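In what follows, a single structure is set out as structure tokens and then discussed.
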Amino acid sequence: MDRMLLTRSMLAGLGGLVLSLSLSGSALAEHHEGGMEMHEGHGQAMEAAACPGCGMEGGLCAHCKPMAMQILGNMAVGMCPECDDPGMLCEACHAATEGALEMMGGLSVREMDGPEHTMVCLKHTIGGDFGAAYGQLFELGAAQGLLSDNTMTGSVLPDAAADVTGESEIYVAFSMPEGGAVQDPLFAYTVPAAEYAVFRHFGPDPGMTWMAAYTWLAMADVEVMHSPAGEHHMGMPDENGNMLMDIFIPVDDDALEAALGMDDDMDDDDMDDDDDMDDDDDHSGHDHSGHDH
């Protein structure tokens, strides 16, 4: 569970991201006005993406990279008490922003309709000990007869668009079993249906993927909604501490589809059916929070 602690320390930077989105507004406007001409013929373009001519698959072009660095630097300043200048970050924040920037080159992004679902939750704080929190969650869940072979784990951030600090509340969570009866201090939390930008993560520290995901959304001009976000954990970490998960961030669906270059005539239900096949049992475990959040 050390990975979870690393995640939360990075997620404390989401509050700084809210500031960074506003600070990058003029840069985004300038980018969209001149981007097409500048990016003509860029090699590995994905029709999607923040930039109309460069995509995440081919890495960031010379015009996009400084904008991404600005967003990530502002995010780091928001999360770290030792940093007050995006251009002069401490060693740890510099490494985090460089890692997130590198991840932008191969970020996996898709759109998904998330159904309403209920999680068994235990309140925690982003800056707390997640190993201990999950240990308590599973101990209480077992005592209350709520765990099964099909239990899906994750976390739930109640408001993906709110300012986030180390004291912000987050829920460690697992899927509610059918007919389950929850007792204090556990509680049932129903995540409402929402449209999500879904980012796939594999590695030891999803914190940098969170940073890359929010940066991608900012550059693509996709609004993050005031709704739960989260992580859906797909199994335990491997022998190297790498963990496979999906990160769900609630967004304006029209803006996301435009950013992904999706055809307006495309039937959303067909896409949803495909996603449901890929993530068949995932819905019960989606920590659709900024920590499925």
Subject >> Inter-label distance for residue 226 and residue 92, nm, one decimal - labels placed 7 Å from Cα along Cα-to-Cβ >> reply: 3.2 nm
Original post:
Sorted by average packing, counted as other Cβ atoms within 10 angstrom per residue and highest first, what order do 209-220, 90-101, 111-122, 184-195 take?
Top reply: 209-220, 111-122, 90-101, 184-195
Original post:
Rounded, prolate or oblate: which one fits the range 53-123, using the alpha carbon gyration tensor with axes a ≥ b ≥ c (rounded when a/c is under 1.5, else prolate when a/b beats b/c, else oblate)?
Top reply: oblate
Original post:
Quick one: Kirkwood hydrodynamic radius for the range 60-203, alpha-carbon pairs, angstrom, one decimal?
Top reply: 17.8 Å
Subject >> Carbon plus sulfur fraction of accessible area for the range 102-193, probe 1.4 Å, in percent >> reply: 47 percent
Subject >> Label-point separation, residue 169 to residue 258 (7 Å along Cα→Cβ), nm >> reply: 3.5 nm
Original post:
How many Å² of accessible area per residue for the range 59-162, probe 1.4 Å?
Top reply: 44 Å²
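The values are calculated or read from the model by the stated rules, or taken from the named source; none is laboratory data. In this text, all values refer to a predicted model and were calculated from it rather than measured experimentally. Note that we place each Cβ from the backbone using ideal geometry, even for glycine, and neighbour counts take in every protein chain shown. Ligands, DNA and RNA are stripped out before the accessible areas are found, and what is left, the full protein with its side chains, is counted by its heavy atoms. Shrake-Rupley method; radii C 1.70, N 1.55, O 1.52, S 1.80 Å.
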